[in-house]
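Read the structure below first, then the notes.
The values are calculated or read from the model by the stated rules, or taken from the named source; none is laboratory data. This structure is a prediction, so every number in the text was calculated from the model and none was measured. Accessible surface is based on the protein model in full, side chains and every heavy atom, while ligands, DNA and RNA are left aside. Shrake-Rupley method; radii C 1.70, N 1.55, O 1.52, S 1.80 Å.
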Amino acid sequence: MNIPVLIWRERTPELESIASVWAGRAAVIMQRIVPANPCISIIIVKSDASAEVIIRGPETKPRSEILLPGYTWIGIRLQPGVQLKNFPA
């Protein structure tokens, strides 16, 4: 039986405005459920060929996400209530 593997590391940041910093990488194609979150997250998705920055949140409903092998996700989750200046809601 093949068991999907997701390498996930999360650490507590040193800045008060950041809730967590995390990184993830999937060994196989897999789906994960992302719970609703009152925080804004800045996520960098990178592969050998490209990189993309995604800004998410706050989110009021859970969602599913497909993780592909060969990509690394690096995220910075801000504390609830912290806003990014000069970014529209």
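Under a 1.4 Å probe, what is the accessible area of the chain per residue, stated in Å²?
74 Å²
From Cα coordinates alone, what are the radius of gyration and Dmax values for the chain in angstrom?
Cα-based Rg and Dmax for the chain come out at 14.0, 49 Å.
Over the chain, what percent of the accessible surface lies on carbon and sulfur atoms, probe 1.4 Å?
Exposed carbon and sulfur together represent 57 percent of the surface.
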